[in-house]
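Have a look at the structure below before the remarks.
The values are calculated or read from the model by the stated rules, or taken from the named source; none is laboratory data. Bear in mind the structure is a predicted one, so any value in this text is a computation, not a measurement. Don't worry about glycine lacking a Cβ; one is built from the backbone with ideal geometry, like all the others, and counts go over all protein chains shown. Each accessible area value is taken on the protein alone, full model and side chains, heavy atoms only, with ligands, DNA and RNA left out. Shrake-Rupley method; radii C 1.70, N 1.55, O 1.52, S 1.80 Å.
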Amino acid sequence: MSAREDVLARIREANRGAGAPPPPDVPRDYHRSGDHPPGAPEVLALFRDRLVDYKATVIDAPADGVPAAIRGALAQLTGPVVVPPGLPDDWVPGAVVDGADGVGTLSPADLDASAAVVTACAAACATTGTIALDGSPDQGRRALTLVPDVHVCVVRADQVVQTVPELVAALHPPHPITFISGPSATSDIELERVEGVHGPRTLIVVLTDAPTTSA
Amino acid sequence: MSTNLGMPAVAPPGVGHLRGTQSFPDAARGALADSQLRRNLGHATRVIRTKRASVVAELPDWEQLRLAGEALKTATMARLDEHLERLEREVTARGGVVHWARDANDANAIVTRLVQETGETEVVKVKSMATQEIGLNEALEAAGIAAHETDLAELIVQLGHDQPSHILVPAIHRNRAEIREIFLREMPGVDPALTSEPRRLAMAARAFLRERFLRAKVAISGANFGVADTGTLLVVESEGNGRMCLTLPETLITVMGIEKVVPTWQDLEVFLQLLPRSSTGERMNPYTSAWTGVTPGDGPQTFHLVLLDNGRTATLADEVGRAALHCIRCSACLNVCPVYERTGGHAYGSVYPGPIGAVLSPQLTGVEDNASLPYASSLCGACFDACPVRIDIPSLLVRLRAQHVDAQRARSVPSAEALSMAAASWLMSSPGRFAAAEKASRLGRLLGRSAGRISTLPPPLSAWTGSRDAPRPPAETFREWWARERGTS
């Protein structure tokens with residue numbers, strides 16, 4: 001008997017032996033949606049509060065102010081800025097584009113040598129201060145938002161939902177999905193929190209109501 | 001190989017880290033004498049407890065989430081075979097390869113072969129309880145493959161040639177000065193001026209590991225969840241070492257206990273709320289990665305999933321004990337446990353310490369191989385209140401104690417406890433015998449004259465006084481007092 005058949009047979013035998021318990025109904029009377037619709041002022045205020053609590057920086061930008069906000073976020077940095085191929089052209093003039101047609105061209109060493117990465121996002125959640133990326137052309141492959149030390153992420157107001165169930169519902173495998181809640185952190189030494197270990201040490205969120213696909 | 005149905009297949013001895021070399025009371029004695037360890041543990045458990053309590057209080061629907069989590073796990077176990085077959089189908093359809101492992105030996109052999117097929121002699125690892133459980137690092141080392149742990153705490157443990165002592169923060173038994181010494185001694189190229197400031201230590205680890213991440217060709221991970229209906233695997237973490245391992249290498253091998261499957265993507269809406277708040281006391285952990293098979297142009301282009309039994313089906317066979325399989329490894333029960341807080345994780349002898357370890361380890365190995373663990377508890381019930389999926393750990397502990405007593409009874413030589421209980425039963429079933437025994441107990445007054453209590457009794461009564469005092473018997477028995485005050489006869 002193969003290991004597969006063996007393990008499956010053991011499971012069936014165990015469930016029979018334990019009286020073949022019928023699966024119970026799952027009570028889903030927890031909050032499955034927020035008190036406010038996506039992008040409502042209350043939701044955005046909560047989102048900002050949570051991000052700041054994680055030591056992320058939040059920059060509010062008007063509809064036509066995204067390029068200027070990004071420029072401000074990158075002002076202190078020297079070195080190349082990398083972007084995914086689907087980011088609007090006018091957002092980061094002069095950026096290094098990571099390939100085209102879904103194939104990244106920058107090596108891990110190239111990414112390691114860059115100063116920052118600028119992307120859009122797939123969805124965000126206010127209650128937990130979470131940003132989700134799903135590998136769409138304006139977010140790029142996963143390595144792109146991982147190796148550079150600064151991540152500037154543009155979040156559109158209508159992408160911000162209030163609750164975790166709404167966030168999960170907005171995301172769809174098989175896209176690779178990364179949930180990001182603040183900069184990387186560790187509390188492994190005497191429970192003292194240190195921000196910035198292996199992922200980007202700085203997370204800057206540009207919060208805007210501009211449509212990110214305008215270009 | 002044939003299966004022996006009706007005879008639960010427990011985790012095999014001689015491999016992995018589920019069995020200690022000492023009983024819990026013996027191992028705990030050393031830990032209790034270590035005042036540095038007790039200070040570290042007291043501080044750590046207090047800090048996490050407080051953080052958890054404050055973020056749990058933020059959610060008005062926390063109890064509804066716990067009830068949903070419990071029901072989801074119960075429902076999943078009732079159809080575990082179907083969910084695993086679905087997971088296998090979806091992972092395979094998305095370009096992954098699924099392997100099944102009956103036990104630690106199977107899993108270690110599979111992973112070793114997969115690494116050898118890549119031609120590599122080193123791998124990077126994401127912190128994973130399952131791979132610690134099966135002793136994968138040792139198995140790889142025996143095959144000439146170096147496994148580099150990349151979680152900061154696991155790195156501290158590995159460089160210190162040490163064992164983890166907590167599910168979430170495995171190096172919690174080490175303070176900053178000890179960690180600095182370990183880094184100076186074991187980390188090639190480390191700055192000799194390194195201070196013991198946690199930020200400096202973390203940055204030293206970042207620099208040391210970065211080069212390893214960038215050159216790694218093979219990564220090994222565990223999984224927090226495997227979603228059956230989409231074939232998606234998830235790793236929940238904080239530092240970004242998980243993302244590095246799951247994204248940069250060419251080959252990814254994930255070892256997942258079969259109980260980690262959840263039926264649908266939607267079910268994550270419950271667990272992604274329960275886990276971070278219970279575990280680190282955060283609203284959400286910094287990074288969660290979800291991947292489905294292989295994505296062209298993004299991340300590892302070869303993906304293997306190893307599904308591990310190793311005593312889980314034996315646990316599933318017990319109608320009460322199977323609830324231990326609901327555990328999502330948050331470690332909230334460790335942080336609220338008055339026993340864990342004082343002894344730390346090493347005393348449990350297994351990679352799964354604390355209350356959940358005391359019910360999980362004996363079931364994975366068979367109770368006689370971890371017979372002291374079900375007693376490593378005061379049954380206070382704090383663990384049940386803290387458990388995000390409502391595992392009734394105290395009831396499981398009592399059940400395992402009963403199973404251990406039954407197993408002892410079945411042996412030809414009865415234990416001292418069984419003998420004394422039988423003697424007590426004989427004495428107490430006759431008024432005359434009981435009165436005589438009461439009078440005889442007065443002899444014990446000779447022993448406790450100075451302190452008013454008895455600290456040392458000869459065997460077999462030493463089993464009692466080994467860990468607690470016996471009261472000095474009173475000068476007059478209750479019956480004598482009653483007869484003197486109220487009696488007529």
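Working note: Karplus 6.51/-1.76/1.60 with θ = phi - 60° gives region B:256-268 the couplings 10, x, 5, 7, 7, 6, 10, x, 10, 4, 4, 4, 5 Hz, where Gly and Pro are set to x. When only Cα pairs below 8 angstrom with a gap of at least 6 residues are kept, region A:54-208 shows a relative contact order of 29 percent.
Give me the net charge for the shell around B:Val261: Cβ to Cβ below 14 angstrom, other residues only, Lys and Arg +1, Asp and Glu -1. Here the charged neighbours net out to -3. Could you tell me whether region B:28-168 comes out rounded, prolate or oblate from its Cα gyration tensor? Rule is a ≥ b ≥ c as square roots of the eigenvalues, rounded for a/c under 1.5, then prolate if a/b exceeds b/c, otherwise oblate. It is oblate, given that a/c is not under 1.5 and a/b is not larger than b/c.
Within the shell of other residues whose beta carbon sits under 13 angstrom from the beta carbon of B:Pro394, the net charge comes to +1, with Lys and Arg scored +1 and Asp and Glu -1.
For B:Gly222, the residues whose modelled amide H falls within less than 5 Å of its own, excluding neighbours fewer than 5 places apart on the same chain, are B:Val126, B:Val255. The amide H of B:Val98, built 1.01 Å from its N in the peptide plane, has B:Leu305 as neighbours under 5 Å, considering only residues 5 or more places off or on other chains.
Report note on the peptides B:196-204, B:266-274, B:237-245: ranked by the mean count of other C-beta atoms within 10 Å, highest first, their order is B:237-245, B:266-274, B:196-204. Per-atom-type breakdown for the protein assembly as shown gives carbon and sulfur 54% of the accessible area (1.4 Å probe, protein chains only). I want the local charge near A:Ala122. Using Cβ-Cβ distances under 11 Å, sum +1 for each Lys or Arg and -1 for each Asp or Glu among the other residues. Within the 11 Å Cβ shell, the charges total -1. The helix-only estimate of mean residue ellipticity at 222 nm for chain B, built from DSSP H runs of length n ≥ 4 each weighted as -39500 (n - 2.57), is -14500 deg cm²/dmol after division by the residue total.
Taking all protein chains as shown and a probe of 1.4 angstrom, B:Cys327 keeps an accessible surface of around 10 Å². Placing unit charges on the Cβ atoms only, positive for Lys and Arg and negative for Asp and Glu, gives region B:327-433 a dipole magnitude near 140 debye about its Cα centre. The lysine pair tally for the protein assembly as shown, using Cα distances under 22 Å and a gap of 8 or more places or different chains, is 6. Take every pair of alpha-carbon atoms less than 8 Å apart whose residues are at least six positions apart; their mean separation over the length of region B:65-146 yields a relative contact order of 24 percent. By a 1.4 Å probe calculation restricted to protein chains, A:Val194 has an accessible surface near 10 Å², given to the nearest 10. Peptide B:235-245 is shielded by partner chain Cβ atoms: per residue, an average of 6 of them sit within 10 Å of its Cβ. Positive end of the charge dipole of region B:24-312 (Lys, Arg +1 and Asp, Glu -1 on Cβ, about the Cα centre): tell me which of B:Leu72, B:Thr118, B:Tyr287 has its Cα farthest that way. Value computed over the given set: B:Tyr287. Largest first, the residues B:Phe213, B:Phe434 sort by 1.4 Å accessible area into B:Phe434, B:Phe213. Neighbouring Cβ atoms from other chains, within 10 Å of the Cβ of residues in B:86-93, number 1 on average.
Please check: in the Gaussian network model of chain A (C-alpha springs, under 10 Å), which one of A:Ala73, A:Ala61, A:Ala14 has the largest mean-square fluctuation. The residue with the greatest mean-square fluctuation here is A:Ala14.
Each chain gives up part of its surface: B and A jointly bury about 7700 Å² of accessible area, both sides summed, for a 1.4 Å probe. Interface burial in region B:246-283, defined as at least 30 Å² less accessible area with all protein chains than with the chain alone at a 1.4 Å probe, covers B:Thr247, B:Leu248, B:Trp265, B:Gln266, B:Glu269, B:Leu272, B:Gln273, B:Glu282, B:Arg283. Annotation: amide H-H contacts under 5 Å for A:Val58 (H modelled 1.01 Å from N, sequence separation of 5 or more, or interchain): A:Val205. Here the contact order of chain B, divided by its residue count and restricted to Cα pairs under 8 Å and six or more residues apart, works out to 21 percent. Model label points for B:Thr121 and B:Ala451, set 7 angstrom from Cα along the Cα-to-Cβ axis, are 5.9 nm apart. Rounded, prolate or oblate, given the Cα gyration tensor of region A:54-208, with a/c below 1.5 counting as rounded? The shape class here is rounded. For a 4.7 Å threshold on C-beta separation, the list of partnerless cysteines in the protein assembly as shown reads A:Cys121, A:Cys125, A:Cys153, B:Cys245, B:Cys327, B:Cys330, B:Cys337, B:Cys380, B:Cys387.
Among beta bridges from DSSP that stay inside the protein assembly as shown, the antiparallel ones total about 35%.
The solvent-accessible area of B:Trp100, taken with every protein chain present and a 1.4 Å probe, is close to 20 Å².
Note on A:Glu42 and B:Ser378: the model spin-label points, each 7 Å out from Cα along the C-beta direction, lie 4.3 nm apart. Under the classification rounded if a/c is under 1.5, otherwise prolate if a/b is larger than b/c and oblate if not, where does region B:428-485 fall, given a ≥ b ≥ c as square roots of the Cα gyration tensor eigenvalues? It is oblate, given that a/c is not under 1.5 and a/b is not larger than b/c.
Have a look at the DSSP beta bridges in region A:54-208 and tell me what percent are antiparallel, nearest 5. Of the beta bridges lying entirely in region A:54-208, close to 30 percent run antiparallel. Mean silhouette area of the protein assembly as shown, derived from the convex hull of its C-alpha atoms and averaged over all directions, reads 36.5 nm².
Positive-end ranking of A:Ala120, A:Pro148, A:Thr130 along the dipole of chain A, with charges on Cβ about the Cα centre, is headed by A:Thr130. The residue among B:Cys333, B:Gly189, B:Thr465 whose Cα reaches farthest toward the positive pole of the charge dipole of the protein assembly as shown, with charges on the beta-carbon of Lys, Arg, Asp and Glu, is B:Thr465. Within 10 Å of the Cβ of each residue in B:198-207, the mean number of Cβ atoms contributed by other protein chains is 5. Antiparallel beta bridges, as assigned by DSSP with both residues in region B:24-312, represent about 30 percent of the total such bridges.
Extending 7 Å from Cα along the Cβ direction at B:Ser462 and again at B:Gln266 yields two label points whose distance is 6.4 nm.
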